[in-house]
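Have a look at the structure below, then the notes.
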Amino acid sequence: MTGSTFAALVAQFAPLAACAVVLLGLRGRPRAAAALAIAAMALSFLASALLVATVAMPGRTLLAQTVFLPVDQARSLSFGVLLDPLSTSMALVVSGITLAVMVYSTGYMAGDPGFGRYYGFLALFGWAMEGLVLAANLLQMLVFWELVGLASFLLIGFWFQRPAPAAAARKAFIMTRVGDVGFLLGVLLLIRALGLATIPDVVAAAGAAGAGGPLSPHAVTVIAVLLLMGVIGKSAQGPLFTWLPDAMEGPTPVSALLHSATMVAAGVYLVARLHPFFMAAPAVMHGLLWLAVVTALAAATMAMVASDIKRVLAYSSISQLAYMLMALAGGSAAAGYFHLVTHAGFKALLFLSAGIFIHHAHTNDMREISAHAPRARRAGVIGLVAGSAALAGIIPFSGYFSKEAILATLAEGGAARIAVALAYLGAALTAYYTFRMVFLTLWPERPGTAAAAAAEPRAAAAAAGHPARATGGERAMGATVVVLAALTLVLGYLGPWLAARIVPGEPLAEAIHPPFAFGAGPLLALALVAAGVGLAWLEFGRRGAPRVGFAERVPAVARFLGDNWYLDRLYRATVIRWATALSRAARWNDDTIVNGAADGVATGTVGGGRVLALVQNGYVQAYLAVTVALIALLAGALALSGVAR
């Protein structure tokens, strides 16, 4: 076993060991549970950093796997690690964000009766994501993919005593399973054709499609569609995105974890991991591009009317994931992955900053938060402003560089002009709803308004329940946010470095321009961002602003956007109603037909036994009478048969 393989195993299994110890032995000892989980994730982070230092070189790949269940001569089940710049850098991002969330949670979750259980679930989540990104073959990736879904179910429904979190966890679990059915079928087809379905073999088979390889172009297209079903479900795209806003019912640190480098990013990572395979199905990638464009715009419009700060950030995650998929569908794995990395930093920052305000105000409503002196929470203000600038794409924050790379990829990669124009429009809407959130959260409501009057009782209660001096837990929350805010000023400069290592020689990698290289595209993007921020200032930030957006002024439009474009209503009226009717029919069949038949046989058997029991009474006279009766019946039958002849 090489040193790199050992480091990869440490990065994966340190969180698993912590999860087992915490859930089995430390649930009643919260401090010990948190300390062990944080130590294990720190070890995973250090091991991942070592992997990046030793493996993240252009064109270097290390594959180590062992067969644990032979099936036949051509197929077997194996476990291993695939180490290259993409997997190791993603492992570093995952472990880093998970570690930051764990440290932050020592303050946010302090005093919660399930504190130990919470850290056990976080460690489980960290192990599942590390296993997913370092997987050597697609079957192994599928196993960890489902473990990520299980861990997210446990974390979203952490407060399962409340109806809303429990319902949100079920919704997330079921909707992502819909896409996972396609993912499973795609993996099985690849195993049937390639045996182990090792990731390098899958990529090579796509390159040989149509040239006598094991996969035909038609097979590549079918498998790509099936795999993308899993991506759409996990990364909350297209019609399967409505679970993600509802997942905000979980603790805020969990939201930061799900939305940054884990869970929802897993689908994007899969496309980046198998990018040459997907590019061998151009029709599929063309469809993915348009699906991502529509999703990005739809989510942006929903964020424009949301009043819950976490739901605004959830819609922004859907939109930014769509931008990543736009870049990948447009032909650049470098640009898509670059935005995944920067998004991990600033989205975790935004959620954790929002958590500071929520922890103080005990509400997610931005207008109510503004009545609780939010500017006194300096770390929260720093994080919210820095993260919002990165999300909106303001230079020199990281989101500007990665989003500009995506827009350049679309413009230079031959995407349809209307798709490029809509992507730029989405950038303007992002700036608008992001700074709408900033102004609604940090600018208090005007005295005398209905919103200000409604927030006053909550503000008084929150002020009475919080000490004037910061506690140790609050200092941990603030320090985590400040570190992530600093990262938003650094991650944007990693674009060329990532492009040179992730996909050396990629034609569209040059779309990731050096920092501060301005052209028509960047200037147009900055102008649209400025227009979005300016409109948000006019409607929500300036003195005397109406504090009502242009979309909210039309009640019908506000209801449509605020209700997820009525998609949930559509699902309730169609899919859920049909599934309910089918389940009722199945229950009737089970109760009436299946159980009825079984009960009829049982009842007949019991009745026959009782009749025979009357004969078996021990009286010889009865036995003789029955014998005579049977002989008479037999004689009568023989006589009738003779007459018939």
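The values are calculated or read from the model by the stated rules, or taken from the named source; none is laboratory data. In this text the structure is predicted, and so the values were computed from the model without any measurement. Methodologically, a virtual Cβ is constructed for each residue, glycine included, from the backbone with ideal geometry; neighbour enumeration extends over all protein chains shown. In case anyone asks, the SASA skips ligands and DNA or RNA and just uses the protein heavy atoms, side chains included. Shrake-Rupley method; radii C 1.70, N 1.55, O 1.52, S 1.80 Å.
Restricting ALA581, ALA545, ALA536, ALA613 to those that are assigned to a helix (DSSP H, G or I), hydrophobic (A, V, I, L, M, F, W, C) and within 30 Å of ALA389 (Cα to Cα) reduces the list to ALA536. Here the condition is being in the same structural domain as PHE435 (by TED's automatic domain parsing), modelled with pLDDT under 90 and surrounded by fewer than 14 Cβ atoms within 10 Å (Cβ to Cβ); of ARG553, ARG542, it holds for ARG542 alone. Inspection of the range 160-176 identifies at least one residue that is within 29 Å of ALA205 (Cα to Cα), outside the structural domain of VAL482 (by TED's automatic domain parsing) and not in a loop (DSSP other than H, G, I, E, B).
Conditions (1) open to solvent by less than 30 Å² (accessible area, probe 1.4 Å); (2) out of contact with any Phe, Trp or Tyr (no Cβ under 6 Å at 6 or more places or on another chain), marked per residue:
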site	(1), (2)
ALA167	no, yes
LYS171	no, no
ILE174	no, yes
GLY179	yes, yes
GLY182	yes, yes
GLY186	yes, yes
LEU189	no, yes
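Restricting LEU51, LEU26 to those that are hydrophobic (A, V, I, L, M, F, W, C), modelled with pLDDT under 95 and farther than 25 Å from MET109 by Cβ reduces the list to LEU51.
Look through the range 409-440, keep the residues that are open to solvent by less than 10 Å² (accessible area, probe 1.4 Å) and hydrophobic (A, V, I, L, M, F, W, C), and return whichever of them is farthest from the chain's Cα centre (by Cα). Looking at the filtered set, the residue picked out is LEU440.
Considered as a group, the residues in the range 13-57 that are basic (Lys, Arg) and not in a helix (DSSP H, G or I) include one that is least open to solvent (accessible area, probe 1.4 Å), and that residue is ARG27. If I filter the range 376-418 down to residues being part of a loop (DSSP other than H, G, I, E, B), small (Gly, Ala, Ser) and touching a helix residue (DSSP H, G or I) at 6+ places or on another chain (Cβ under 7 Å), which single residue comes out as farthest from GLY331 (Cα to Cα)? Checked the range 376-418; the qualifying residue farthest from GLY331 (Cα to Cα) is GLY393. Would you call GLY207 closer than 29 Å to ALA314 by Cβ, touching a residue at least 24 places away in the same chain (Cβ under 8 Å), in contact with a helix residue (DSSP H, G or I) (Cβ under 8 Å, 6 or more places away or on another chain) and not aliphatic (A, V, I, L, M)? So GLY207 fails the test.
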